[in-house]
Amino acid sequence: MTDRAFAVVRAGALTTVQDRGRRGHAHLGVPRSGALDPYASALVNRLVGNGADAAVLETTVDGCAVRPRCAVTVAVGGAPCAVTVDGRPVAWGAPLRVPAGAVLEVGAAVRGLRSYVAFGGGVAAEPVLGSRSTDLLSGLGPAPLAAGAVLPLGPQGPDAPGCDVVPWPAAPEELVLRVRPGPRDDWFTDASLRDFATRAYRVSPASNRIGLRTEGPPLERAVAGELPSEGMVLGAVQVPPDGRPVVFLADHPTTGGYPVVAVVRERDLAAAAQSVPGTPVRFIPVR
Amino acid sequence: MRTVAVGEHALLVELGSGEETEAFHSELLRRRAAGTLPAVTEIVPAARTVLLDGVAEPARLAALIAGWEVEPSHARVEPAVDIPVRYDGPDLPDVADLWGVTPREVARIHSATAFRVAFCGFAPGFGYLTGLPAAYEVPRRATPRTAVPAGSVAVAGRYTGVYPRASPGGWQLIGTTDAVLWDPAREPAALLAPGTRVRFVPVRVGGR
């Protein structure tokens, strides 16, 4: 009997199911969610022959371990880490076959933060509003992995794995975020805007899937008072009352009442998702 | 009306008032339904703005919008929802004091008001409802509650809202409803969407 599913042996600090997220529901207060490093999740899907919409696992810092109940093709990518099957070292960043009942151990990230695990056929958790992504802000989608939980796998497609070797961007030593100023840059003093564009910030340990928090020179307001709530985009650099910029990631709230000084280019957000606390951050304004 | 670029793929349209925002939002929905709006992924109305996200050519859309004649929002017939409420919230006496009326009057005034969902946010299915006159604006509670029960009907600022699920919250709780505000298995998942007209129908405390 083929039971297309896997059991969670070790959940890790935070492992969630992620795909490309929910679109078109922001007006109802539903965040887009989805893999924080979409390039890594797309690459592991390609390695096992999945389409781009298949759901994968996203680990945080210390990986996870799972026991498939069926033989399945798996690929681990994103943050580099040790990978073993029943204790034997196997390749990271390449497709591998895991026998039924064997334990796939995804080790702690050696560099970066988040590793991605694709299974042939994808993780077939129940979709909510068209996506299997776990949204940690509003609690939509499958719960974060817990030891003992069993998650279904989709049927393996007829396609052979798309490729054997793919290029992986290295986790950044320094996080360079290109930003487009506005829409509320005029809420801050000129001196603060200069600081923002030229000084070094650092990734705060309080960062999560909702936002990359930073430590560094606080931005000072030129405008007192409150901004009425307005719609927020992925990559928005929101400045709360403490003046420290927060870069909105996939699980960000859809509206917010703190001014957005700039918006990070979407291409640069995958690196933000892989930047460990303490990583230097520079915001580079571009038009 | 002013449009501001937000990153590479979005536009924020700033309007002069809540009423203008509602009218502009209705206009966007009308044009999208008619197939005359360039493709956008998200239309997110808020207090004084509408965000258009997932726009291929924001500058072109901004130029297009600048030439629009926006019809008043009452020109559109929006869906209507009745929400049964027991006016039994723990903050009802405080709100009555702030309004300078009795708790019973709070229920009467609130349930006689024609509300409209101005925008959503905070949590899936949470709508910011406008309709109460400015004289009935109330502050948030000085200390937010760590747990507000699902179905709590609450007021803060110029807005009324219903908590779709248990969550922390700082609004003044005036009642409770059994209506299900958010059910991802239902189509549509949200009872309230921007533009929905809402009336609160009082049900007797302790009975149905």
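A few remarks follow.
- For segment B:6-16, filtering for residues that are open to solvent by less than 30 Å² (accessible area, probe 1.4 Å) and either in contact with a Pro (Cβ under 7 Å, 6 or more places away or on another chain) or more than 7 Å from chain A (Cβ to nearest Cβ) (or both) leaves 6.
- Residue count for segment B:32-76, restricted to those that are farther than 20 Å from residue B:4 by Cβ and either open to solvent by less than 10 Å² (accessible area, probe 1.4 Å) or part of a helix (DSSP H, G or I) (or both): 5.
- Residue among A:209, A:202 that alone is modelled with pLDDT of 95 or more, touching an Asp or Glu at 6+ places or on another chain (Cβ under 8 Å), in the same structural domain as residue A:181 (by TED's automatic domain parsing) and open to solvent by 40 Å² or more (accessible area, probe 1.4 Å): A:202
- Flag if residue B:133 is open to solvent by 10 Å² or more (accessible area, probe 1.4 Å), closer than 26 Å to residue B:48 by Cβ and free of Cβ contacts under 8 Å to residues at least 12 places away in the same chain: yes
- Qualifying residue in segment B:163-176 (condition: open to solvent by less than 20 Å² (accessible area, probe 1.4 Å), within 14 Å of another protein chain (Cβ to nearest Cβ) and touching a Ser or Thr at 6+ places or on another chain (Cβ under 6 Å)): yes
- Of all residues in segment A:194-237 being closer than 12 Å to residue A:260 by Cα and not in a loop (DSSP other than H, G, I, E, B), the one that is nearest to the other protein chains (Cβ to nearest Cβ): A:231
- Flag for residue A:269 being assigned by TED's automatic domain parsing to the domain that holds residue A:202, modelled with pLDDT of 95 or more and under 21 Å from residue A:139 (Cα atoms): no
- When the strands (runs of 3 or more DSSP E) confined to segment A:1-102 are screened for residues that are over 30 Å from residue B:183 (Cα atoms), more than 14 Å from chain B (Cβ to nearest Cβ) and open to solvent by 50 Å² or more (accessible area, probe 1.4 Å), those reaching at least 2 such residues are found at A:5-10, A:88-90.
- Answer residue from segment B:18-31, given it is out of contact with any Phe, Trp or Tyr (no Cβ under 9 Å at 6 or more places or on another chain) and within 11 Å of chain A (Cβ to nearest Cβ) and is modelled with the highest pLDDT among those: B:28
The values are calculated or read from the model by the stated rules, or taken from the named source; none is laboratory data. Since we're looking at a predicted model, the values are computed, not measured. Using ideal geometry, Cβ is built from the backbone for each residue, glycine included, and neighbour counts are taken over all protein chains shown. The accessibility values were calculated without ligands, DNA or RNA, using every heavy atom of the protein model including side chains. Shrake-Rupley method; radii C 1.70, N 1.55, O 1.52, S 1.80 Å.
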